[in-house]
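Chemist: Input: one structure, supplied below.
The values are calculated or read from the model by the stated rules, or taken from the named source; none is laboratory data. Just so it is clear, the model here is predicted, and its values are computed rather than measured. Ideal geometry is used to build each Cβ from the backbone, glycine not excepted, and the neighbour counts take in all protein chains shown. These accessible areas exclude ligands, DNA and RNA; they are computed on the full protein's heavy atoms, side chains included. Shrake-Rupley method; radii C 1.70, N 1.55, O 1.52, S 1.80 Å.
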Number of protein chains: 2
Amino acid sequence: MPRGERPTLTERRAEELRAAIARTAMEIFVADGDTSAKVERIAEAAGVSPRTFHRHFPVKEDVVRPLFRATSEAVAAALRDVPDTTDPVEALVVAWTAAMPGGRLSEFDRRFLTLMVTTSEYRLRWQEADQELCEVIAGYLDRRLPAGGHPLHRTLPAYLVVHATRHVFEHWITSGSEEDLAGLLRDALRMVLAGAAVR
Amino acid sequence: MPRGERPTLTERRAEELRAAIARTAMEIFVADGDTSAKVERIAEAAGVSPRTFHRHFPVKEDVVRPLFRATSEAVAAALRDVPDTTDPVEALVVAWTAAMPGGRLSEFDRRFLTLMVTTSEYRLRWQEADQELCEVIAGYLDRRLPAGGHPLHRTLPAYLVVHATRHVFEHWITSGSEEDLAGLLRDALRMVLAGAAVR
DNA sequence: GCCGACATGGCAGAAACTGACATGTGTGAG
DNA sequence: CTCACACATGTCAGTTTCTGCCATGTCGGC
């Protein structure tokens, strides 16, 4: 049994299955206009039994996690690709808008994200994905910002950056996604990092 | 039927019952060292039927809401009492530490809050209570800070203040509650509001 | 003392989960 | 090539959470 690679072949398959089920759930949610679809229905549409669904997603709402994890990873990857000579605020703006071609969302995605923002159980899952992003941002800011003494001075700016982004994004989503997202992000991040730089 | 007062007599009673059930749940959680107690047990200990429990708390985890709402209201009240001549950062520090005598938590409260921080379902309820605080903070900051043009410039600082406080508080709780909470809060709030004042 | 609003309780049932066991499929050793 | 084992899935029964419905009781006003 090969144990060399980090992601086992089995795990890779499980991950793909989870992603497929998540995608199915997303389509059902958007089609319904709400998130009340029963597990039985989602599982059937994805071609698995309810038992298998629950094996991969102990709590029903976990089903959207793969979607958020994917975008989190996209942001992290985009941030890695930005040269260190770029202004930190710009780098972060670029990273967060990289996943959206032209700063535009498809109507499908917009409806889905609106559901996620307006349903507290699902919003929590989004926030948990953001949590993982915090680590990435913290690592980036570590390189680009003067270091503080207390451990909080390392994690707090990253935490604030992520939450500021959330706030901006939620505002942008719920207000119709017509405003200039990059501009809003820039303003917000400048506000946050202005305080961090003072340290 | 008197409809003059805002909180109906009936509603007031319901609120008291909810608070009592919440308190009971808290005691059971702390005694058990985890939050897995069944609804049946909490309801019985509180002297109500499971049916009544669910009438007041549609989702089991909602049971802790009254506890967080109470402290949120305490913070809001403390902030109202601070004279407007006080430095905003100090005012917020005072407001948040007002509920804790000498910045100390009882061992009972510490154990409970540790459970709340480490259990995502319950953490969500805490965050929702914080959400209401955002409004209060936004109102306060409106009076004390220069106003920005975009609506985000009004809500974002409040949002960040609340989240920064959360982050500090969670760090403080999980690291043993031995550090100087007021000092940590002061540093964090200074960082946040430094950026806000720039606007 | 009567009436009506309202909260509670009990019961049946839906939906979300979980443990145990059996089946199928693929992969590596011999 | 075949056997054996690991592992994911499905089925089934059972627990827990949550909901609709109706009967009962209690409290406040007439």
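Chemist: Shielding of B:187-194 by partners, i.e. mean partner chain Cβ atoms within 10 Å per residue?
Modeler: Whole-number average of other-chain Cβ neighbours for B:187-194 is 6.
Chemist: Taking accessible area as the heavy-atom solvent-accessible surface of the protein chains with a 1.4 Å probe, which residues of the range A:83-121 lose no less than 10 Å² upon going from the isolated chain to the full protein assembly?
Modeler: Checking the loss per residue gives A:S120, A:E121.
Chemist: Between beta-carbons, use under 13 Å as the cut-off and find the net charge around B:V39, counting Lys and Arg +1, Asp and Glu -1.
Modeler: +1
Chemist: Apply the Karplus parameterisation 6.51 cos²θ - 1.76 cosθ + 1.60, with θ equal to phi minus 60°, to every residue of the range A:27-32 and state each ³J(HN,Hα) to the nearest whole Hz, in sequence, with x for glycine and proline.
Modeler: Computed from phi, the couplings for the range A:27-32 are 4, 5, 4, 5, 4, 6 Hz.
Chemist: Can you give me the three principal axis dimensions of the range A:9-58 from its C-alpha atoms, in Å, biggest first?
Modeler: If we take the Cα atoms of the range A:9-58, the spans are 36, 18, 17 Å.
Chemist: Which value in nm describes the separation of the simple spin-label points at B:A45 and B:V59, placed 7 Å from the Cα toward the beta carbon?
Modeler: The modelled label-to-label distance comes out at 2.2 nm.
Chemist: Please list 3J(HN,Hα) in residue order for the range A:71-76, calculated via the Karplus relation 6.51 cos²θ - 1.76 cosθ + 1.60 where θ = phi - 60°; whole Hz, with x for glycine and proline.
Modeler: With coefficients 6.51, -1.76 and 1.60, one gets 5, 4, 5, 5, 4, 4 Hz.
Chemist: While we're here: Which whole-number value in Å² is the accessible area per residue of the protein assembly as shown, probe 1.4 Å?
Modeler: 51
Chemist: Here's a follow-up. Give me the percent of accessible area attributable to carbon and sulfur for the range A:64-198, probe 1.4 angstrom.
Modeler: 54
Chemist: Further, regarding this structure: When the dipole is taken about the Cα centre of the protein assembly as shown, and only Lys, Arg (+1) and Asp, Glu (-1) are charged at their Cβ, what size is it in debye, to the nearest 20?
Modeler: 440
Chemist: With all protein chains present and a 1.4 Å probe, how do B:W126, A:W172 order by accessible area, largest first?
Modeler: Putting B:W126, A:W172 in descending order of accessible area: B:W126, A:W172.
Chemist: OK, next. Using square roots of five times the C-alpha gyration tensor eigenvalues, list the equivalent-ellipsoid semi-axes of the range A:1-109 in whole Å, biggest first.
Modeler: Equivalent-ellipsoid dimensions as semi-axes: 31, 22, 9 Å.
Chemist: Which values of log₁₀ I(q)/I(0), to two decimal places, follow from the Debye formula for chain B at q = 0.08, 0.14, 0.19 Å⁻¹ with a uniform point scatterer at every Cα?
Modeler: Per q value, in the given order, log10 I(q)/I(0) is -0.32, -0.89, -1.31.
Chemist: What is the interface area between chains A and B, defined as buried accessible area summed over both chains with a 1.4 Å probe, reported in Å² to the nearest 100?
Modeler: Using a 1.4 Å probe on protein heavy atoms, the buried area is about 2700 Å².
Chemist: How large is ³J(HN,Hα), in whole Hz, for each residue of the range B:80-97 in order, when computed from phi with the Karplus curve 6.51 cos²θ - 1.76 cosθ + 1.60 and θ = phi - 60°, using x for Gly and Pro?
Modeler: Couplings: 5, 7, 6, x, 5, 7, 6, 4, x, 4, 4, 4, 5, 4, 4, 4, 6, 9 Hz.
Chemist: Calculate how large, on average over all directions, the projected area of the Cα convex hull of the protein assembly as shown is; give the answer in nm² to one decimal.
Modeler: Taking the Cα atoms of the protein assembly as shown, their convex hull projects to 24.2 nm² on average.
Chemist: Also: Using only alpha carbon positions, build the gyration tensor of the range B:110-159, then give the equivalent ellipsoid semi-axes as the square roots of 5 times its eigenvalues, largest first, whole angstrom.
Modeler: 30, 10, 7
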